[in-house]
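The values are calculated or read from the model by the stated rules, or taken from the named source; none is laboratory data. Predicted model only: the values in this text are computed from it and were never measured. A quick note on method: Cβ atoms are made from the backbone with ideal geometry, for glycine too, and the neighbour counts reach across all protein chains shown. Remember, those area values only see protein heavy atoms, side chains included, never the ligands or the DNA or RNA. Shrake-Rupley method; radii C 1.70, N 1.55, O 1.52, S 1.80 Å.
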Amino acid sequence: MATPRASGVDQYEMPVEAGDFRADLTEGLGADPKTIPFKYLFDRRGSELFDLQAQQPENYIGESENEIYSYFGPDIAKSLGPGVLVIEPGSGSCLKVGSLLDVLEKPAGYVALDVSKEFMIRSVEILAERYPSLPLVCIAADYFHLEPLPGPVAALGEKRLVFFPGSTIGRYDRGVAVELLRSFRELAGEGGKIMIGADLRKSPEIARDAHHDKAQVADRLHLNLLQRANRETGADFSLLKFRYDAAYNDDENRAETYIVSMASQKVTVGERTFAIANGERIRTSVAYQYTAEQFQEMAEDAGCRPVGLWLDSRQYFSVHLLEVL
Ligand SMILES: C[S@@+](CC[C@H](N)C(=O)[O-])C[C@H]1O[C@@H](n2cnc3c(N)ncnc32)[C@H](O)[C@@H]1O
(Lines give C-alpha, C1' and ligand atoms only; values in the text may rest on other atoms or scores of the structure.)
Protein backbone atom coordinates (compact mmCIF):
# COMPACT_ATOMS: atom_id res chain seq x y z
CA MET A 1 0.00 0.00 0.00
CA ALA A 2 1.40 3.45 -0.92
CA THR A 3 1.73 6.19 1.70
CA PRO A 4 1.93 9.92 0.86
CA ARG A 5 5.17 11.17 -0.69
CA ALA A 6 7.64 12.38 1.97
CA SER A 7 10.22 14.25 -0.06
CA GLY A 8 10.42 12.95 -3.59
CA VAL A 9 10.70 9.32 -2.50
CA ASP A 10 7.77 6.90 -2.89
CA GLN A 11 7.25 4.71 0.18
CA TYR A 12 5.55 1.34 0.43
CA GLU A 13 5.04 -1.26 3.11
CA MET A 14 4.88 -4.92 2.21
CA PRO A 15 1.84 -6.55 3.80
CA VAL A 16 4.06 -9.05 5.64
CA GLU A 17 5.05 -8.11 9.20
CA ALA A 18 8.77 -7.46 9.66
CA GLY A 19 8.80 -10.03 12.47
CA ASP A 20 7.67 -10.61 16.01
CA PHE A 21 10.66 -9.69 18.15
CA ARG A 22 9.21 -11.08 21.37
CA ALA A 23 8.38 -14.47 19.83
CA ASP A 24 11.77 -14.69 18.08
CA LEU A 25 13.64 -13.64 21.24
CA THR A 26 11.79 -16.22 23.34
CA GLU A 27 12.55 -18.94 20.80
CA GLY A 28 16.22 -17.88 20.54
CA LEU A 29 16.83 -17.78 24.30
CA GLY A 30 15.19 -21.20 24.64
CA ALA A 31 17.51 -22.71 22.01
CA ASP A 32 20.86 -24.39 22.61
CA PRO A 33 23.09 -22.51 21.91
CA LYS A 34 21.17 -19.31 22.64
CA THR A 35 20.72 -16.93 19.71
CA ILE A 36 19.05 -13.63 18.80
CA PRO A 37 18.28 -13.22 15.06
CA PHE A 38 20.62 -10.84 13.22
CA LYS A 39 17.83 -8.62 11.87
CA TYR A 40 16.96 -7.26 15.33
CA LEU A 41 20.29 -5.44 15.52
CA PHE A 42 18.75 -2.91 13.15
CA ASP A 43 16.47 -0.44 14.83
CA ARG A 44 17.27 3.16 13.92
CA ARG A 45 20.10 3.48 16.46
CA GLY A 46 21.41 0.01 15.57
CA SER A 47 21.52 0.93 11.88
CA GLU A 48 23.52 4.06 12.71
CA LEU A 49 25.96 2.08 14.87
CA PHE A 50 26.26 -0.66 12.24
CA ASP A 51 27.20 1.99 9.70
CA LEU A 52 29.77 3.50 12.05
CA GLN A 53 31.21 0.06 12.77
CA ALA A 54 31.55 -0.53 9.01
CA GLN A 55 33.82 2.54 8.89
CA GLN A 56 36.25 1.35 11.57
CA PRO A 57 39.80 0.62 10.34
CA GLU A 58 39.58 -3.10 11.22
CA ASN A 59 36.47 -3.53 9.08
CA TYR A 60 37.94 -4.11 5.62
CA ILE A 61 34.65 -4.98 3.89
CA GLY A 62 33.51 -1.49 2.83
CA GLU A 63 36.99 -0.48 1.67
CA SER A 64 37.54 -3.69 -0.33
CA GLU A 65 34.09 -3.66 -1.86
CA ASN A 66 34.21 0.04 -2.77
CA GLU A 67 37.60 -0.52 -4.41
CA ILE A 68 35.93 -3.15 -6.62
CA TYR A 69 33.07 -0.82 -7.64
CA SER A 70 35.34 2.12 -8.39
CA TYR A 71 38.07 0.17 -10.20
CA PHE A 72 35.82 -2.19 -12.16
CA GLY A 73 32.83 0.15 -12.48
CA PRO A 74 32.98 0.52 -16.28
CA ASP A 75 33.38 -3.24 -16.72
CA ILE A 76 30.44 -3.90 -14.37
CA ALA A 77 28.27 -1.32 -16.18
CA LYS A 78 29.08 -2.97 -19.52
CA SER A 79 28.00 -6.38 -18.15
CA LEU A 80 24.68 -4.91 -17.01
CA GLY A 81 23.79 -2.76 -20.00
CA PRO A 82 21.34 0.17 -20.13
CA GLY A 83 17.96 0.70 -18.45
CA VAL A 84 18.44 -1.42 -15.33
CA LEU A 85 16.08 -1.15 -12.33
CA VAL A 86 18.30 -1.68 -9.28
CA ILE A 87 16.62 -3.35 -6.27
CA GLU A 88 18.63 -3.53 -3.03
CA PRO A 89 17.27 -5.82 -0.29
CA GLY A 90 18.83 -4.82 3.07
CA SER A 91 19.76 -1.43 1.63
CA GLY A 92 20.96 0.08 4.95
CA SER A 93 22.66 3.43 4.37
CA CYS A 94 22.54 3.00 0.54
CA LEU A 95 26.19 4.05 0.45
CA LYS A 96 27.41 1.47 -2.04
CA VAL A 97 24.70 1.77 -4.67
CA GLY A 98 25.91 5.27 -5.61
CA SER A 99 29.06 3.79 -7.18
CA LEU A 100 26.80 1.63 -9.32
CA LEU A 101 24.26 4.33 -10.23
CA ASP A 102 27.15 6.60 -11.26
CA VAL A 103 28.42 4.16 -13.90
CA LEU A 104 25.20 2.52 -15.13
CA GLU A 105 23.83 3.70 -18.47
CA LYS A 106 20.40 5.33 -17.93
CA PRO A 107 19.31 3.30 -14.87
CA ALA A 108 15.50 2.93 -14.72
CA GLY A 109 15.32 3.53 -10.96
CA TYR A 110 16.38 2.39 -7.52
CA VAL A 111 14.29 0.41 -5.03
CA ALA A 112 15.52 0.19 -1.41
CA LEU A 113 14.07 -2.55 0.77
CA ASP A 114 14.86 -2.92 4.48
CA VAL A 115 13.39 -3.84 7.88
CA SER A 116 14.92 -0.70 9.40
CA LYS A 117 12.25 1.59 8.00
CA GLU A 118 13.11 5.06 9.33
CA PHE A 119 16.81 4.66 8.62
CA MET A 120 16.06 3.43 5.09
CA ILE A 121 13.77 6.39 4.34
CA ARG A 122 16.35 8.87 5.58
CA SER A 123 19.11 7.17 3.55
CA VAL A 124 17.04 7.23 0.35
CA GLU A 125 16.12 10.88 0.92
CA ILE A 126 19.84 11.67 1.05
CA LEU A 127 20.30 9.67 -2.18
CA ALA A 128 17.49 11.70 -3.77
CA GLU A 129 19.58 14.88 -3.43
CA ARG A 130 22.33 13.25 -5.47
CA TYR A 131 20.02 11.74 -8.13
CA PRO A 132 17.11 14.21 -8.38
CA SER A 133 15.66 12.80 -11.58
CA LEU A 134 16.03 9.08 -10.82
CA PRO A 135 12.84 7.31 -9.66
CA LEU A 136 13.54 6.22 -6.06
CA VAL A 137 11.36 3.95 -3.96
CA CYS A 138 11.51 2.63 -0.37
CA ILE A 139 9.84 -0.61 0.67
CA ALA A 140 9.65 -1.59 4.34
CA ALA A 141 9.82 -5.37 4.23
CA ASP A 142 11.58 -8.50 5.39
CA TYR A 143 13.56 -9.89 2.47
CA PHE A 144 12.65 -13.43 3.54
CA HIS A 145 9.00 -12.63 2.82
CA LEU A 146 9.09 -10.94 -0.54
CA GLU A 147 5.73 -10.66 -2.21
CA PRO A 148 5.59 -9.54 -5.84
CA LEU A 149 6.68 -5.89 -5.92
CA PRO A 150 3.86 -3.30 -5.64
CA GLY A 151 2.49 -2.63 -9.16
CA PRO A 152 3.87 0.91 -9.66
CA VAL A 153 7.33 -0.28 -8.57
CA ALA A 154 7.25 -3.25 -10.94
CA ALA A 155 6.26 -0.87 -13.73
CA LEU A 156 9.49 1.12 -13.28
CA GLY A 157 11.48 -1.42 -15.24
CA GLU A 158 11.49 -4.99 -16.43
CA LYS A 159 15.23 -5.38 -16.63
CA ARG A 160 16.03 -5.93 -12.97
CA LEU A 161 19.22 -6.16 -10.99
CA VAL A 162 18.97 -7.42 -7.41
CA PHE A 163 21.94 -5.81 -5.64
CA PHE A 164 23.00 -7.48 -2.36
CA PRO A 165 26.37 -6.06 -1.31
CA GLY A 166 28.26 -6.15 1.98
CA SER A 167 28.42 -9.96 2.35
CA THR A 168 25.01 -9.94 4.03
CA ILE A 169 24.52 -13.35 2.35
CA GLY A 170 27.29 -14.63 4.68
CA ARG A 171 25.04 -13.91 7.68
CA TYR A 172 23.07 -17.07 6.91
CA ASP A 173 23.84 -20.79 6.98
CA ARG A 174 24.26 -22.29 3.53
CA GLY A 175 20.73 -23.75 3.27
CA VAL A 176 19.11 -20.44 4.22
CA ALA A 177 21.48 -18.54 1.91
CA VAL A 178 20.44 -20.78 -1.02
CA GLU A 179 16.76 -20.13 -0.19
CA LEU A 180 17.43 -16.39 -0.10
CA LEU A 181 19.21 -16.54 -3.46
CA ARG A 182 16.21 -18.41 -4.86
CA SER A 183 13.86 -15.67 -3.69
CA PHE A 184 16.17 -13.03 -5.20
CA ARG A 185 16.02 -15.02 -8.44
CA GLU A 186 12.22 -14.69 -8.33
CA LEU A 187 12.54 -10.98 -7.61
CA ALA A 188 14.96 -10.44 -10.51
CA GLY A 189 12.64 -12.37 -12.83
CA GLU A 190 13.33 -13.78 -16.26
CA GLY A 191 16.38 -12.17 -17.86
CA GLY A 192 17.22 -10.48 -14.56
CA LYS A 193 20.54 -10.50 -12.75
CA ILE A 194 21.83 -10.59 -9.17
CA MET A 195 24.98 -8.77 -8.07
CA ILE A 196 26.16 -9.93 -4.72
CA GLY A 197 29.10 -9.34 -2.39
CA ALA A 198 30.74 -12.28 -0.62
CA ASP A 199 33.57 -12.25 1.88
CA LEU A 200 36.60 -14.31 0.83
CA ARG A 201 38.55 -16.77 3.00
CA LYS A 202 41.45 -15.07 4.75
CA SER A 203 43.39 -15.08 8.01
CA PRO A 204 41.04 -15.81 10.94
CA GLU A 205 42.49 -12.84 12.90
CA ILE A 206 41.62 -10.36 10.15
CA ALA A 207 38.14 -11.84 9.79
CA ARG A 208 37.50 -11.73 13.53
CA ASP A 209 38.92 -8.23 14.08
CA ALA A 210 36.53 -6.84 11.46
CA HIS A 211 33.78 -7.56 14.02
CA HIS A 212 35.75 -6.48 17.09
CA ASP A 213 36.92 -2.92 16.56
CA LYS A 214 39.19 -1.19 19.08
CA ALA A 215 36.82 1.80 19.30
CA GLN A 216 34.18 -0.65 20.62
CA VAL A 217 31.44 0.39 18.22
CA ALA A 218 30.45 -3.29 17.84
CA ASP A 219 30.10 -3.43 21.65
CA ARG A 220 27.71 -0.46 21.57
CA LEU A 221 25.73 -2.01 18.72
CA HIS A 222 25.15 -5.13 20.82
CA LEU A 223 24.25 -3.30 24.01
CA ASN A 224 21.75 -1.38 21.89
CA LEU A 225 20.23 -4.75 20.92
CA LEU A 226 19.63 -5.55 24.61
CA GLN A 227 18.17 -2.08 25.20
CA ARG A 228 15.90 -2.57 22.20
CA ALA A 229 14.81 -5.97 23.55
CA ASN A 230 13.96 -4.39 26.94
CA ARG A 231 12.02 -1.56 25.26
CA GLU A 232 10.15 -3.55 22.62
CA THR A 233 9.59 -6.96 24.19
CA GLY A 234 9.45 -6.14 27.92
CA ALA A 235 12.60 -8.21 28.57
CA ASP A 236 14.70 -7.32 31.64
CA PHE A 237 18.31 -7.69 30.45
CA SER A 238 20.65 -5.98 32.93
CA LEU A 239 23.05 -4.17 30.60
CA LEU A 240 25.87 -4.18 33.14
CA LYS A 241 25.88 -7.97 33.29
CA PHE A 242 26.63 -8.60 29.62
CA ARG A 243 29.57 -7.84 27.34
CA TYR A 244 30.28 -8.23 23.64
CA ASP A 245 32.70 -10.68 22.00
CA ALA A 246 33.59 -12.01 18.54
CA ALA A 247 35.48 -15.16 17.54
CA TYR A 248 36.45 -17.08 14.41
CA ASN A 249 35.04 -20.59 14.03
CA ASP A 250 37.61 -22.52 11.95
CA ASP A 251 35.40 -25.58 11.47
CA GLU A 252 32.61 -23.52 9.92
CA ASN A 253 34.79 -20.87 8.18
CA ARG A 254 32.88 -18.06 9.76
CA ALA A 255 33.26 -15.22 12.24
CA GLU A 256 30.70 -15.24 15.06
CA THR A 257 29.47 -12.44 17.32
CA TYR A 258 28.14 -12.86 20.82
CA ILE A 259 26.66 -11.24 23.86
CA VAL A 260 28.39 -12.91 26.82
CA SER A 261 26.86 -13.21 30.26
CA MET A 262 29.17 -11.93 33.04
CA ALA A 263 27.18 -13.60 35.83
CA SER A 264 24.94 -16.52 36.54
CA GLN A 265 21.60 -14.80 36.07
CA LYS A 266 17.98 -14.99 34.97
CA VAL A 267 16.34 -13.00 32.17
CA THR A 268 12.58 -12.74 31.81
CA VAL A 269 10.73 -12.12 28.55
CA GLY A 270 6.97 -11.95 29.13
CA GLU A 271 5.87 -15.19 30.78
CA ARG A 272 9.18 -16.98 30.24
CA THR A 273 12.29 -16.90 32.41
CA PHE A 274 15.66 -18.07 31.08
CA ALA A 275 18.63 -19.12 33.21
CA ILE A 276 21.90 -17.88 31.74
CA ALA A 277 25.20 -19.22 33.10
CA ASN A 278 28.25 -17.09 33.85
CA GLY A 279 30.27 -16.99 30.60
CA GLU A 280 27.40 -18.35 28.48
CA ARG A 281 27.23 -16.81 25.00
CA ILE A 282 24.16 -15.62 23.10
CA ARG A 283 25.04 -15.68 19.38
CA THR A 284 23.86 -12.62 17.46
CA SER A 285 25.35 -13.23 14.02
CA VAL A 286 27.67 -15.27 11.85
CA ALA A 287 29.74 -14.07 8.89
CA TYR A 288 30.71 -16.90 6.53
CA GLN A 289 33.69 -16.68 4.25
CA TYR A 290 33.76 -18.50 0.93
CA THR A 291 36.29 -19.10 -1.79
CA ALA A 292 35.03 -17.67 -5.09
CA GLU A 293 34.44 -21.24 -6.34
CA GLN A 294 32.45 -22.25 -3.22
CA PHE A 295 30.23 -19.22 -3.64
CA GLN A 296 29.66 -19.90 -7.34
CA GLU A 297 28.67 -23.50 -6.49
CA MET A 298 26.13 -22.19 -3.98
CA ALA A 299 24.73 -19.78 -6.60
CA GLU A 300 24.36 -22.67 -9.06
CA ASP A 301 22.48 -24.67 -6.40
CA ALA A 302 20.05 -21.74 -6.23
CA GLY A 303 19.44 -21.87 -10.00
CA CYS A 304 21.74 -19.00 -11.01
CA ARG A 305 24.58 -18.91 -13.52
CA PRO A 306 27.75 -17.04 -12.49
CA VAL A 307 28.64 -14.62 -15.31
CA GLY A 308 30.98 -12.13 -13.62
CA LEU A 309 33.51 -12.08 -10.78
CA TRP A 310 35.54 -9.16 -9.45
CA LEU A 311 38.04 -9.16 -6.55
CA ASP A 312 39.80 -6.33 -4.71
CA SER A 313 43.59 -5.97 -4.86
CA ARG A 314 44.10 -7.69 -1.46
CA GLN A 315 41.71 -10.49 -2.48
CA TYR A 316 39.72 -9.98 0.72
CA PHE A 317 36.34 -9.64 -0.97
CA SER A 318 34.46 -10.81 -4.07
CA VAL A 319 31.58 -9.37 -6.08
CA HIS A 320 29.68 -11.91 -8.20
CA LEU A 321 27.30 -11.29 -11.07
CA LEU A 322 24.68 -14.04 -11.46
CA GLU A 323 22.23 -14.60 -14.25
CA VAL A 324 18.79 -15.98 -13.48
CA LEU A 325 18.28 -19.34 -15.17
C1 LIG B 1 24.97 -5.88 6.68
S2 LIG B 1 23.85 -4.52 6.46
C3 LIG B 1 24.20 -4.15 4.77
C4 LIG B 1 23.84 -2.76 4.36
C5 LIG B 1 24.22 -2.37 2.92
N6 LIG B 1 23.53 -3.18 1.92
C7 LIG B 1 25.72 -2.46 2.73
O8 LIG B 1 26.21 -3.38 2.11
O9 LIG B 1 26.42 -1.55 3.22
C10 LIG B 1 22.37 -5.41 6.42
C11 LIG B 1 21.11 -4.61 6.17
O12 LIG B 1 20.05 -5.53 5.98
C13 LIG B 1 18.92 -5.15 6.77
N14 LIG B 1 18.26 -6.40 7.13
C15 LIG B 1 18.69 -7.37 7.98
N16 LIG B 1 17.82 -8.40 7.98
C17 LIG B 1 16.83 -8.07 7.11
C18 LIG B 1 15.66 -8.73 6.67
N19 LIG B 1 15.36 -9.95 7.12
N20 LIG B 1 14.88 -8.12 5.75
C21 LIG B 1 15.18 -6.87 5.27
N22 LIG B 1 16.28 -6.19 5.66
C23 LIG B 1 17.11 -6.79 6.56
C24 LIG B 1 19.48 -4.39 7.94
O25 LIG B 1 18.53 -3.49 8.46
C26 LIG B 1 20.69 -3.70 7.30
O27 LIG B 1 20.33 -2.45 6.78
In the range 191-250, what residues are touching a residue at least 40 places away in the same chain (Cβ under 8 Å), among the charged types (D, E, K, R) and under 27 Å from Asp20 (Cβ atoms)? Arg220, Arg228, Glu232
Report whether or not Phe50 is among the aromatic types (Phe, Trp, Tyr), within 12 Å of the ligand (Cβ to nearest atom) and either at pLDDT below 95 or open to solvent by 10 Å² or more (accessible area, probe 1.4 Å) (or both). yes
If I ask for residues that are more than 14 Å from the ligand (Cβ to nearest atom) and either at pLDDT below 90 or among the basic types (Lys, Arg) (or both), which ones from the range 123-148 would you list? Arg130, Pro148
Any helices (runs of 4 or more DSSP H) falling wholly within the range 138-236 and containing at least 1 residues that are outside the structural domain of Asp251 (by TED's automatic domain parsing) and under 15 Å from the mean Cα position of the chain (by Cα): 174-188
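Here's the yes/no breakdown for (1) open to solvent by 60 Å² or more (accessible area, probe 1.4 Å); (2) under 15 Å from Leu29 (Cβ atoms); (3) at pLDDT 95 or above:
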| site | (1), (2), (3) |
| --- | --- |
| Ala210 | no, no, yes |
| Leu225 | no, yes, yes |
| Ala229 | no, yes, yes |
| Ser238 | no, yes, yes |
| Asp245 | no, no, yes |
| Asn253 | no, no, yes |
| Ser261 | no, yes, yes |
| Lys266 | yes, yes, yes |
| Ala287 | no, no, yes |
List, please: which pairs have Cβ atoms under 8 Å, are six or more places apart or on different chains, and start with a residue in the range 90-113 that is assigned by TED's automatic domain parsing to the domain that holds Ala77 and in a loop (DSSP other than H, G, I, E, B) and end with one that is open to solvent by less than 10 Å² (accessible area, probe 1.4 Å) and of a type in the set (Asp, Glu)? Cys94/Glu88; Lys96/Glu65
Among the numbered criteria (1) open to solvent by less than 50 Å² (accessible area, probe 1.4 Å); (2) assigned by TED's automatic domain parsing to the domain that holds Ala140; (3) not aromatic (Phe, Trp, Tyr), which single criterion is violated by Glu63? (1)
Within the range 123-157, work out how many residues are without any contact (Cβ under 8 Å) to a residue 60 or more places away in the chain, surrounded by fewer than 20 Cβ atoms within 10 Å (Cβ to Cβ) and within 24 Å of Leu52 (Cβ to Cβ). 3
Mind listing whichever residues of the range 35-47 are within 11 Å of the ligand (Cβ to nearest atom) and crowded, with 19+ Cβ neighbours inside 10 Å? Lys39, Tyr40, Leu41, Phe42, Asp43, Gly46, Ser47
Please go through the range 82-114 and give me each residue that is near the ligand (Cβ under 9 Å from one of its atoms) and open to solvent by 50 Å² or more (accessible area, probe 1.4 Å), ordered by number. Leu95
Which one of these is more than 17 Å from Leu223 (Cα to Cα), in contact with an Asp or Glu (Cβ under 6 Å, 6 or more places away or on another chain) and free of Cβ contacts under 8 Å to residues at least 60 places away in the same chain: Pro74, Pro82? Pro82
Residue in the range 316-325 that is surrounded by fewer than 16 Cβ atoms within 10 Å (Cβ to Cβ), at pLDDT below 95 and closer than 30 Å to Gly197 by Cα present: yes
